[in-house]
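Peer 1: I am attaching a structure below and will ask some questions about it afterwards.
The values are calculated or read from the model by the stated rules, or taken from the named source; none is laboratory data. Since the structure is predicted, the reported quantities are computational estimates derived from the model, not experimental observations. Reconstructed Cβ throughout: ideal geometry from the backbone, glycine too, with neighbour counts over all protein chains shown.
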Amino acid sequence: MIGFDLIAPHLPVLTVVVPLIAGFLTPIIGWIDRRLPWYWVVLAMFVVLLIAGNNLVTVINSGTIQYKLGGWDPPFGIEYVIDLLNGFVCLIIAFIAFMVSIYSKESVKKEVPGKTTPFYAVFLLLITGLMGMTITGDIFNFYVFLEISSLTAYALIAMGDRGDGVVASFNYLIMGTVAASFILLGIGYLYAVTGTLNMADMQNILPGVYESKVVLAALAFFMVGFSIKVGLFPLHSWLPDAYTHAPSTASALIAGLMTKVGAYAMIRFMFGVFTPDFVINTTQMTNILAWAAALAIIVGSVLAIAQSDIKRMLAYSSISQIGYILLGVGLANMIGMEGGLLHLLNHALMKCALFLVAGAIFYKTGIRNLYQFKGLGKKMPVTTTVFLIAALSMIGVPGTVGFTSKWYLALGSVDAGQWIFVFVILLSSLLNIVYFWRIFDNIWFGHPHEIENIKRDEAPLTMLVPMVILAVLCVFFGFFAYYPVHYVIEPLSEALLGLGGVLSR
C-alpha cells in the first residue's frame, strides 16, 4: 500500500509512459530472446489496463484528475487531465489493446515472419500515441501524439500484404498528412487569437473572440481534419485499403481504436475547446455533422454489400458504423449524445471481434473471400459463433450492444424531430443483414464438395480467448448497458452539452 501511495499521484502520466518505455525496450527484449516480446507486450498492456481502470474509477468517485508535467502550472506548462470523457476512452483503448496483444502471438508469427520484434515495438508506440492524444490537456501536445499515432499506424499497415500493404500505407500517409495539416492550421489559428495552448484556458478565452473569422476557420479546419482521421464519407478513401492489407492484428487494433480516438478528438474539440452553444446554435456545426453522418451510415452499408473480401467488407462497414457515433454527437440532445458515446464502446467491441475472427479464419485457411467460407461452421465452430454474435450486434438484434446504442440514437432522432434519421438507422440495419447474411449462409448452410471430410480445426487458444471475451461482452453490455450509461455516459453527456456536471474542471 505504501508503494502504491507513492505511485498513485503519477498514474495519469504512467498511462503514457508505460507503453512508451516498453516500446523502446522491446528491441532489447527481442534481442535477448525472440519469443519474449509477446509476453512483454501482454504484460505492458495489462499494466496499462490496470492504470486506466484505476484512473476512471478515481474520476467517477473523486472528480477530475489533473497532472502538471514538470511542476509547471498551466497554461504555461503541459497538463494531463483525466475526466469522464477521456477516462472512458482510455479504458477502451487499454482493454482493446490488451485483447489484441493476447491474440497477436500466432497471427504475427505467420503474417509478419521475422519482424515480430519491430511489430511489437511499433504496436506499443501506437498505444502511446493514442493514450497521449486522449489524456493531454494541451492542444499542441495533442498534435505531437497525433503524429506519433499516425506514423506508427502507417508502419503497421506497411508490414502487411507485400506491395499492397505498402501502397495502402502510402495512401494513408498522404491523407493523414492532409488531415494533420488542417488540424495544425486550426491549432495555429486558435493560438493566434487566444495566446494559450491549454484546452481549458482556451475554452474560457474563445467566447470573447467568437465573432472572429479566424475562429470559424479554425473550427472548419478541425472538422475537416478529424473527418479524414475517422474516415467519414466522402473523406474515407484511405480506410478500406488500410484495413484490408494490414496484418490481421494491426487491422483489429486500428479498426478498434484509431477511428474511436479520432471521434473522441472531434468531440473534445467541439465541446471542450469550443462551447456547446457555439457549435450547436451559432455555427450549426452539429446539424451539418448529423447529416454527413447519416449519409455515411447508408453509403458505407451499401458499399459493404459489394465486397467479397471479408476484411474489405468490414472496412466499409466501419465507415457506416462511425456514422452512428457522429450522428449521436450531431443530434446534440441528451439521449442522442448518450447513444453516440455508447456506440463508441460498442463498436470497439463488435468490430474488434469481427476483425479478430477474420484473422483467425485467414490463419487457419488462408482465405478471405467470404464465398469460400463453406463448411467453416463445422470446422471452426467457436470462431464462427463469435462472428455470429458480433455480426448480430452490428445488425442491432435485441440483447446485443448494437441494439442498445441504435435504440438510443433512434430515440434521440425522435426527440430532435428528425424522423429521417430513424429511417436511416432502420435502413442501415436491413443493409447490415444483407451483407452479413451472405457470410452466415456460406458458413452454416454452404456445402463444399467433401463436407464429410471436414474436421474441427480451431484457431489457437491465444486467438480464441480474446474473441470469446469480446463476444461475451457484446451480449453482457447488451443486457446491462445500465452500468456504462449510469456511471459514465449519462453524466458525461450532461457535461458535454452544458446541461450540468463538470467535464474537465
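Peer 1: Could you identify the single residue in Tyr316, Tyr324 that is in contact with a Phe, Trp or Tyr (Cβ under 9 Å, 6 or more places away or on another chain) and touching a residue at least 12 places away in the same chain (Cβ under 8 Å)?
Peer 2: Residue meeting the stated conditions: Tyr316.
Peer 1: While we're on this one: Does any residue of region 349-365 turn out to be touching a Lys or Arg at 6+ places or on another chain (Cβ under 9 Å), assigned to a helix (DSSP H, G or I) and farther than 17 Å from Leu464 by Cα?
Peer 2: no
Peer 1: So, of the residues in region 440-478 that are buried (at least 20 other Cβ atoms within 10 Å of the Cβ) and among the small types (Gly, Ala, Ser), which turns out to be modelled with the lowest pLDDT?
Peer 2: Ala459
Peer 1: So if I check each of Ile21, Ile51, which one is hydrophobic (A, V, I, L, M, F, W, C) and in contact (Cβ under 8 Å) with a residue 40 or more places away in the chain?
Peer 2: Result of the check over Ile21, Ile51: Ile51.
Peer 1: Going through region 207-232 one residue at a time, which ones are aliphatic (A, V, I, L, M) and either more than 16 Å from Val178 (Cβ to Cβ) or touching a Pro at 6+ places or on another chain (Cβ under 7 Å) (or both)? Break it down stepwise before answering.
Peer 2: Step one: of region 207-232, the residues aliphatic (A, V, I, L, M) are 209, 214-220, 223-224, 228, 230, 232.
Result: Val209, Val214, Val215, Leu216, Ala217, Ala218, Leu219.
Peer 1: Now for a different question. Keeping to region 178-198, report how many residues are in a helix (DSSP H, G or I) and farther than 12 Å from Phe274 by Cβ.
Peer 2: To start, the set of residues in region 178-198 that are in a helix (DSSP H, G or I) comprises 178-194.
Now restrict to residues that are farther than 12 Å from Phe274 by Cβ: 178-185, 187-189, 191-193.
Qualifying residue count, region 178-198: 14.
Peer 1: Report, by residue number, each residue of region 32-84 that is modelled with pLDDT of 85 or more, under 23 Å from Tyr264 (Cα atoms) and more than 25 Å from the chain's Cα centre (by Cα).
Peer 2: Asn61 - this is the single residue of region 32-84 that is modelled with pLDDT of 85 or more, under 23 Å from Tyr264 (Cα atoms) and more than 25 Å from the chain's Cα centre (by Cα).
Peer 1: Related question: Among the residues of region 135-176 satisfying the criterion of being over 27 Å from Thr116 (Cα atoms) and of a type in the set (Ser, Thr, Tyr), which is surrounded by the fewest Cβ atoms within 10 Å (Cβ to Cβ)?
Peer 2: Out of the qualifying residues, it is Tyr143.
Peer 1: Same structure, new question: Could you name every one of the helices (runs of 4 or more DSSP H) located completely within region 199-269 that has at least 2 residues being in contact (Cβ under 8 Å) with a residue 40 or more places away in the chain and closer than 28 Å to Gly77 by Cα?
Peer 2: On the way: elements: 199-205, 213-230, 239-245, 248-268.
Here the list reads 199-205, 213-230, 248-268.
Peer 1: Show the residue pairs meeting these rules: Cβ distance below 7 Å; 6+ apart or different chains; first residue within region 159-188 and within 23 Å of Phe269 (Cβ to Cβ) and modelled with pLDDT under 90; second residue of a type in the set (Gly, Ala, Ser) and surrounded by fewer than 16 Cβ atoms within 10 Å (Cβ to Cβ).
Peer 2: What qualifies is Met175/Ser237.
Peer 1: Would you mind stating whether Ala481 is closer than 30 Å to Glu338 by Cβ and modelled with pLDDT under 85?
Peer 2: When the stated conditions are applied, Ala481 passes them.
Peer 1: Suppose we filter Phe98, Phe46 for residues that are without any contact (Cβ under 8 Å) to a residue 60 or more places away in the chain, of a type outside the set (Gly, Ala, Ser) and surrounded by 23 or more Cβ atoms within 10 Å (Cβ to Cβ); which single one remains?
Peer 2: Numbers: Phe46 fails: surrounded by 23 or more Cβ atoms within 10 Å (Cβ to Cβ).
Among Phe98, Phe46, only Phe98 is without any contact (Cβ under 8 Å) to a residue 60 or more places away in the chain, of a type outside the set (Gly, Ala, Ser) and surrounded by 23 or more Cβ atoms within 10 Å (Cβ to Cβ).
Peer 1: Just to be sure before I move on: is Ala121 without any contact (Cβ under 8 Å) to a residue 24 or more places away in the chain and among the aliphatic types (A, V, I, L, M) in the structure I sent?
Peer 2: no
Peer 1: State all residues of region 371-383 that are surrounded by fewer than 22 Cβ atoms within 10 Å (Cβ to Cβ) and in a helix (DSSP H, G or I); if no residue qualifies, say none.
Peer 2: Tyr371, Gln372, Gly377, Lys378, Lys379, Pro381, Val382
Peer 1: Can I ask one more? Return yes when Ala153 is within 27 Å of Ala218 (Cβ to Cβ), touching a residue at least 24 places away in the same chain (Cβ under 8 Å) and assigned to a helix (DSSP H, G or I) and no when it is not.
Peer 2: Answer is yes for this residue.
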